[in-house]
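See structure below.
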Amino acid sequence: MLVIGLMSGTSYDAVDAAAAGLRLDGEALVLEPYGMVSTPYDEDLRHALAAALPPSAVPLAEVCRLDTRIGQAFAAAAVRADRELCSGRAELVASHGQTVYHWAEAGRVHGTLQLGQPAWIAEATGLPVVADFRARDVAAGGQGAPLVSLVDLLWLRGRPGRPVALNIGGIANLTAPDGTAFDSGPGCALLDAAAREFSGGRLAYDVDGALAASGVPCRQLLERLLAEPYYALRPPKTTGKELFHAGYLRDAGLDGLTAGDVLATLTLLTARTVADAVRSAGATEVVASGGGTRNPVLMGMLRELLPGIAVRTSDELGLPAAAKEAYAFAVLGFLTAHGLHGTDPRGTGARHPSVLGSLTPGRGPLRLPPAVDRGPRRLVVAGGTRTEPAPAARSR
């Protein structure tokens, strides 16, 4: 099955679309990567989304407008991916949507909201769309995140030692080989907020860690930030920009500090909290992905804090760091289409595993593949990136 995975993370800068050929081969799920295209949000939509995120209060009319506009942006990305990566042969779209609120209180998640109405994707592509993945796990008592932990477990199974999968997006999360998965804290969320604040909105993020490299971490600020109660919670746990936003940063007290010193401190905060999480998992290897891997200062700090533990990017294992989460949602969509569970309760804390998402039919009759009794035991990434998709029957 040829599946397009759509992802926009907590940095809300673009829609990433990755195309994957997926097939079951005994106990293995084989993934053939076809590549990724990234389509930036237009500036008006990005600003509207930023203005609507916590701690802002917005009217329902704006929620409706955002749901439509984000859905249209995801639809455009899916159409482009089908045309450029799949030669028009894609069979299914798996859309993460855009997380705008994760309702977490006292270590429990009560609800989660991802915008990006899938009807726009189905209408534009003619393909069936699996979307709204997180809500089912929350309904089963889970955290709804990190949702790609099952994919991580399948992918890293069989590697020597104790490898952990790390994703550094707006929020950083990791998956340990025993199935434990959780958000360690802010990935790039506070870095991005500080870059915007100090540049008057000119910078969306600290490009190549240049601001952090120009400063020196402030010990007092770091200690205040590390006193955040979230870090003391036991897994499973999840967080988001409901907590780590620009207002949170202002409340921490930045008076008298340069932009470089603040960014250096926040970069160390991310590296420190990630390193603490990695050590708590007893890791011997870290396989990292996400936008944070492109920050050399952050990655350098992380390696310094983890002596004796190999820190590599997912590129070395066949999945580009920038595309790994989009590929992961393609896998989750494939599992849903085959009636297979997409969660591991050890990672999310749910009462039981669940088949994830809601399905929006495409243009034609809905034809799903036969259900499979048993899910895969491992994920195998086929070598190289294919340029032409194999012939496939359309399911529209």
- Message: Can you give the local net charge around Y41? Use residues other than it whose beta-carbon is closer than 12 angstrom to its beta-carbon, Lys and Arg +1, Asp and Glu -1.
- Response: -3
- Item | Protection proxy ranking, peptides 35-45, 58-68, 327-337, 113-123, average beta carbon neighbours within 10 Å, highest first | 327-337, 113-123, 35-45, 58-68
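Can you pull the percent of the chain's accessible area that's carbon plus sulfur, 1.4 Å probe, other chains left in place?
The computed percentage sits at 53.
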- Ignoring ligands, DNA and RNA, what accessible area per residue does the chain give at 1.4 Å, in Å²? 41
- How much accessible surface area, in Å² rounded to 10, belongs to the heavy atoms of V3 with a 1.4 Å probe? 0
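Extension gain R367-R202, at 0.36 nm per residue separation less the Cα-Cα distance, in nm?
Gain on extension, R367 to R202, equals 54.6 nm.
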- Message: If I take the Cα coordinates of the chain and project them onto the principal axes, what are the three extents in Å, biggest first?
- Response: 63, 50, 39
- Here the net charge surrounding A139, from other residues whose Cβ is less than 14 Å away from its Cβ (Lys, Arg +1; Asp, Glu -1), is +2
- Local electrostatic count at L156 - Lys and Arg +1, Asp and Glu -1, tallied over other residues with Cβ under 13 Å: +2
- Message: Can you compute the FRET efficiency between R80 and R108 using 1/(1 + (r/R0)^6), with r the Cβ-Cβ distance and R0 = 30 Å? Round to the nearest 0.05.
- Response: 0.20
- Message: Taking the Cα centroid of region 169-229 and of region 262-334, what is the distance between the two, rounded to the nearest whole Å?
- Response: 13
- Task: With an 8 Å cut-off on Cα pairs and a minimum separation of 6 or more residues, tell me the relative contact order of the chain in percent.
- Result: 26
- Angle, helix 43-52 long axis vs. longest principal axis of the chain, Cα atoms, 0 to 90°, nearest 10? 70
- Rg and Dmax of region 127-256, Cα atoms only, in Å: 17.4, 54
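The values are calculated or read from the model by the stated rules, or taken from the named source; none is laboratory data. Note that the structure is predicted; figures quoted are calculated from it, not measured. With ideal geometry, Cβ positions are generated from the backbone for all residues, glycine too; neighbour counts draw on all protein chains shown. Note: areas computed on protein heavy atoms with side chains; ligands, DNA, RNA excluded. Shrake-Rupley method; radii C 1.70, N 1.55, O 1.52, S 1.80 Å.
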